[in-house]
Amino acid sequence: MRKFLVVLDDSQECLNAMRFAALRAAHTGGGVAVLSVIPPDEFNHWIGVGDIMREEARERIEVHFEVFAKWMRDKQGVEPELVIREGVAVDEIIQQIAEDEEIGVLVLGASSDKKQGPGPLVTAMSRSAGTLPVPITIVPGDLSKERLEAIT
């Protein structure tokens, strides 16, 4: 089964990327893998404190994921999988694609902020696009829900 890999983070544009991935998966009989990356610098504390912070970060991610997962299951009939990795986001995305042969498309949400550009993740992954084994779909962050449904 072909999976759409989408990155779960705290950005506003993440919502449209999730919607796009779920709608495409539902329409094509595919799946959705949701990747969340915990940056390594979040845990540069004493070992005990770092472990507690790591566990709290995982819990926050799981709660955030469950909101999207419920919508995907209830409205699109898609059962997403959650993958949590620790490290630098771009490196972990590339590693996840390399490890999961079912991933067929990377879906990223682009910020609509004209001053700051599409966002650091879209910018960084675009630089790697030519060497990735899968295509990247970049979903505009300000695309309406209706327009998203129409194009998927």
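We did not get these values from a lab; they are worked out from the coordinates using the rules stated. This is a predicted model, so every value here is computed, not measured. All Cβ positions, even for glycine, are placed from backbone atoms using ideal geometry, and neighbour counts span all protein chains on display.
Quick one: angle between helix 47-71 and the longest Cα principal axis of the chain, in degrees between 0 and 90, rounded to 10, please.
Between the helix axis and the principal axis of the chain, the angle is about 20 degrees.
Give me the angle, in degrees from 0 to 90, between the Cα long axis of helix 14-28 and the longest principal axis of the Cα atoms of the chain, rounded to the nearest 10.
Helix 14-28 and the main axis of the chain meet at about 50 degrees.
Tally Lys and Arg at +1 and Asp and Glu at -1 over the other residues with C-beta under 10 Å from the C-beta of residue 152: what net charge comes out?
My count for the surroundings of residue 152 gives +2.
Test of understanding: what is the full-extension gain from residue 99 to residue 75, defined as 0.36 nm times their sequence separation minus their Cα-Cα distance?
That works out to 5.7 nm of additional length.
List every residue whose amide H lies under 5 Å from the amide H of residue 103, counting only residues 5 or more places away in sequence or on a different chain, with H placed 1.01 Å from N in the peptide plane.
Under 5 Å from the amide H of residue 103: 3.
So if I place +1 on the C-beta of Lys and Arg and -1 on the C-beta of Asp and Glu, and nothing else carries charge, what would the dipole magnitude of the chain be about its Cα centre? I want it in debye, nearest 20.
Here the size comes out at about 720 debye.
Using a Gaussian network for the chain with springs between C-alpha atoms less than 10 Å apart, which of these wobbles most: 77, 117, 109?
With Cα springs under 10 Å in the chain, the top fluctuation among 77, 117, 109 is at 117.
Loop-only check: which GluC sites (Glu not before Pro) in the range 40-139 are DSSP coil with at most 16 other Cβ within 10 angstrom?
Sites meeting the loop and neighbour criteria: 101, 102.
Which percent, to the nearest 5, of DSSP beta bridges fully inside the chain are antiparallel?
0
With +1 on each Lys and Arg Cβ and -1 on each Asp and Glu Cβ, how big is the dipole of the range 108-150 about its Cα centre, in debye rounded to the nearest 20?
For this selection, approximately 160 debye.
Just to confirm the filter: which chymotrypsin sites (Phe, Trp or Tyr not before Pro) across the range 43-142 are DSSP coil and have at most 12 other Cβ within 10 angstrom of their Cβ?
Passing both the DSSP loop test and the Cβ count: 46.
Ignoring the sites themselves, what is the longest stretch of the chain with no trypsin sites (Lys or Arg not before Pro) in a DSSP loop and at most 16 other beta-carbon atoms within 10 Å?
With trypsin sites (Lys or Arg not before Pro) excluded where exposed in loops, the chain gives 3-113 as its longest stretch.
Quick one: if you stick a label point 7 Å off each Cα along the C-beta vector at residue 67 and residue 2, how many nm between them?
3.0
According to a simple spin-label model (label point 7 Å from Cα along Cα-to-Cβ), what is the distance in nm between residue 54 and residue 123?
3.0
Stretched out fully, how many nm does the piece from residue 149 to residue 85 gain, at 0.36 nm a residue minus the Cα gap?
The residue 149-residue 85 span can extend by a further 20.0 nm.
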